[in-house]
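Right, one structure below, let's go through it.
The values are calculated or read from the model by the stated rules, or taken from the named source; none is laboratory data. The structure displayed is predicted, hence computed values, not measured ones. Cβ placement follows ideal geometry from the backbone for every residue including glycine, while neighbour counts extend to all protein chains displayed. Surface accessibility is based on the protein's heavy atoms, side chains included, excluding ligands, DNA and RNA. Shrake-Rupley method; radii C 1.70, N 1.55, O 1.52, S 1.80 Å.
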Amino acid sequence: MQDFAYVRPRSMAEAVALLEQEDARVLSGGTDLLVQLREGRRRAQVVVDIKFLPEVTALRFDPASGLELGAAVPCWRIAGDPAISRTYPGLVDAVALVGGVQIQGRATVGGNLCNASPAGDTIPALIVHRAVCIIAGPGGWRELPVEDFCTGPGRNALARGELLVALRLPPPPAGFGAGYLRFIPRNEMDIAVVGAAAAVTLDERRECIASARVALGAVAPTPLPVPEVGTFLAGKAPSAENLAAAAEIARAAARPITDMRGGAAQRTHLAGVLARRALESAVRRASGGERDG
Ligand SMILES: Cc1cc2nc3c(=O)[nH]c(=O)nc-3n(C[C@H](O)[C@H](O)[C@H](O)COP(=O)(O)OP(=O)(O)OC[C@H]3O[C@@H](n4cnc5c(N)ncnc54)[C@H](O)[C@@H]3O)c2cc1C
């Protein structure tokens, strides 16, 4: 393990000042960072532990204003909250898949997003839930939609001195449902070969799709929103044929690579299968069905 200074700032201003230094890195749950430092995949001279700042540990849900999810809130707190589980089922599907129980005790959604892995499980779910990043930095505070946050494998839109403070998820409208699922080659902790999140809002009579969103993981350099799916499904019945045609649009948008986890052709095929299943799950939930996996 390389040597680094460990600092626990007492205020957001102090955290920002520390992060302006060369090779300073935020520590949240540490489940990515510590592994990367040990393996020499990242360098750090200063590690800034933000977990003791109230702004990043807040978890507030209000049916009128939505969810404020502090960047350093561990996954178990999200999945353990019944109101959040009911309201943001796609996000809860995703956090329940991150590692196992021990990892979920430390790992955060903010860390998953900032790590910017193309296969990060929570990122497609955040995108379909229309999450927005709240960012603090030397120039003040700014907001950025999650779909614009990842800029390449392991890279994100944060400038020097900036940190992710929280994610804000708007309250879903009536008739809303969402789901996330992934393919892994074995029934153990693993990284997604492909992941797919979908969100659907049905109209008042629950007969037509008012709006839909799909985002894919591990099929492009960054988690991939597929807005063409929403354009196709708007105003259509949530029939098996329409969902299958929408999944075909998602499949066509995938541009994966071949690596040790899977081939490009297999990933492209999986993108279609998982997009269809995620859409079916979202429609079931939007229709008032039970939360499923
Ligand atoms: C055994 C194991 C299993 C895993 N399984 C999965 C899995 O199934 N799915 C999955 O997606 N991931 C998985 N992971 C990866 C990891 O657990 C997740 O990505 C986790 O969500 C990272 O959160 P963290 O709080 O631990 O991040 P950290 O390790 O603390 O940080 C990750 C990166 O983001 C930066 N960062 C963190 N917070 C902020 C912030 N607020 N502002 C700016 N930068 C920040 C850090 O500097 C670092 O570069 C697994 C890891 C392990 C060790």
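Output the residue which, of all residues in the stretch 96-119 that are out of contact with any Phe, Trp or Tyr (no Cβ under 8 Å at 6 or more places or on another chain), of a type in the set (A, V, I, L, M, F, W, C) and not in a loop (DSSP other than H, G, I, E, B), is nearest to the ligand (Cβ to nearest atom). Let's see the steps before the verdict.
Narrowing the stretch 96-119 to residues out of contact with any Phe, Trp or Tyr (no Cβ under 8 Å at 6 or more places or on another chain): 96, 98-100, 102-103, 106-112, 114-115, 117-119.
Going one step further and asking which of them are of a type in the set (A, V, I, L, M, F, W, C), we end up with 96, 98, 103, 107, 109, 114, 119.
Next cut, not in a loop (DSSP other than H, G, I, E, B) only: 103, 109, 114.
On the way: ILE103: 5, VAL109: 7, CYS114: 3 Å.
This residue is CYS114.
If you take the residues in the stretch 47-58 that are farther than 20 Å from ALA131 by Cβ and more than 11 Å from the ligand (Cβ to nearest atom), which one is least open to solvent (accessible area, probe 1.4 Å)?
PRO54
For the list (1) part of a strand (DSSP E or B); (2) crowded, with 21+ Cβ neighbours inside 10 Å, I need the number of the one condition that ILE127 fails.
(1)
Step by step: first the residues of the stretch 59-74, then only those that are outside any strand (DSSP E or B) and open to solvent by less than 10 Å² (accessible area, probe 1.4 Å), then the one that is farthest from the ligand (Cβ to nearest atom). Which residue is that? Full working, then the answer.
First, pick out the residues of the stretch 59-74 that are outside any strand (DSSP E or B): 63-65, 71-73.
Of the ones still in play, those that are also open to solvent by less than 10 Å² (accessible area, probe 1.4 Å) are 71-73.
Details: ALA71: 4, ALA72: 6, VAL73: 9 Å.
Across the stretch 59-74, the extreme among qualifying residues is VAL73.
Kindly indicate the residue of the stretch 10-36 that is away from the ligand (no atom under 12 Å from the Cβ) and assigned to a loop (DSSP other than H, G, I, E, B) and also farthest from PHE52 (Cα to Cα) among those meeting that condition.
Here the answer is GLU22.
Which members of the stretch 226-241 meet the condition of being surrounded by fewer than 23 Cβ atoms within 10 Å (Cβ to Cβ) and within 17 Å of TYR180 (Cα to Cα)?
PRO227, GLY230
Taking the stated definitions as given, is THR231 at pLDDT 95 or above, touching a strand residue (DSSP E or B) at 6+ places or on another chain (Cβ under 6 Å) and polar (S, T, N, Q)? Step through it out loud before you land on a result.
Details: at pLDDT 95 or above: yes; touching a strand residue (DSSP E or B) at 6+ places or on another chain (Cβ under 6 Å): no; polar (S, T, N, Q): yes.
It is false that THR231 is at pLDDT 95 or above, touching a strand residue (DSSP E or B) at 6+ places or on another chain (Cβ under 6 Å) and polar (S, T, N, Q).
Could you count how many residues in the stretch 242-293 are of a type in the set (D, E, K, R), open to solvent by 30 Å² or more (accessible area, probe 1.4 Å), part of a helix (DSSP H, G or I) and under 17 Å from ALA178 (Cα atoms)?
Start the filter on the stretch 242-293 by keeping residues that are of a type in the set (D, E, K, R), which leaves 248, 251, 255, 259, 261, 267, 276-277, 280, 284-285, 290-292.
Going one step further and asking which of them are open to solvent by 30 Å² or more (accessible area, probe 1.4 Å), we end up with 248, 251, 255, 259, 261, 276-277, 280, 284, 290-292.
Filter again for part of a helix (DSSP H, G or I), leaving 248, 251, 276-277, 280, 284.
Cutting the leftovers down to under 17 Å from ALA178 (Cα atoms) gives us 276-277, 280, 284.
Residues meeting the conditions: 4.
Within 13 Å of the ligand (Cβ to nearest atom), among the β-branched types (Val, Ile, Thr) and in contact (Cβ under 8 Å) with a residue 24 or more places away in the chain: which single residue out of THR122, THR151 fits that description?
Details: THR151 fails: within 13 Å of the ligand (Cβ to nearest atom).
After applying the criteria, what remains is THR122.
Sort out which residues of the stretch 55-91 are without any contact (Cβ under 8 Å) to a residue 40 or more places away in the chain and among the β-branched types (Val, Ile, Thr), and write them in order of number.
Within the stretch 55-91, THR57, VAL73, ILE78, ILE84 qualify.
Restricting to the stretch 18-43, name every residue that is under 19 Å from ILE134 (Cα atoms) and either in contact (Cβ under 8 Å) with a residue 40 or more places away in the chain or touching a Leu at 6+ places or on another chain (Cβ under 7 Å) (or both). It would help to see each step written out before you state the result.
To start, the set of residues in the stretch 18-43 that are under 19 Å from ILE134 (Cα atoms) comprises 18-20, 25-29.
Answer for the stretch 18-43, where residues must be under 19 Å from ILE134 (Cα atoms) and either in contact (Cβ under 8 Å) with a residue 40 or more places away in the chain or touching a Leu at 6+ places or on another chain (Cβ under 7 Å) (or both): LEU19, GLU20, ARG25, VAL26, LEU27, SER28, GLY29.
Working carefully through the options ILE184, ILE257, find the one that is under 18 Å from ASP121 (Cβ atoms), without any contact (Cβ under 8 Å) to a residue 60 or more places away in the chain and within 21 Å of the chain's Cα centre (by Cα). Can you show your working first?
Numbers: ILE257 fails: under 18 Å from ASP121 (Cβ atoms).
Residue meeting the stated conditions: ILE184.
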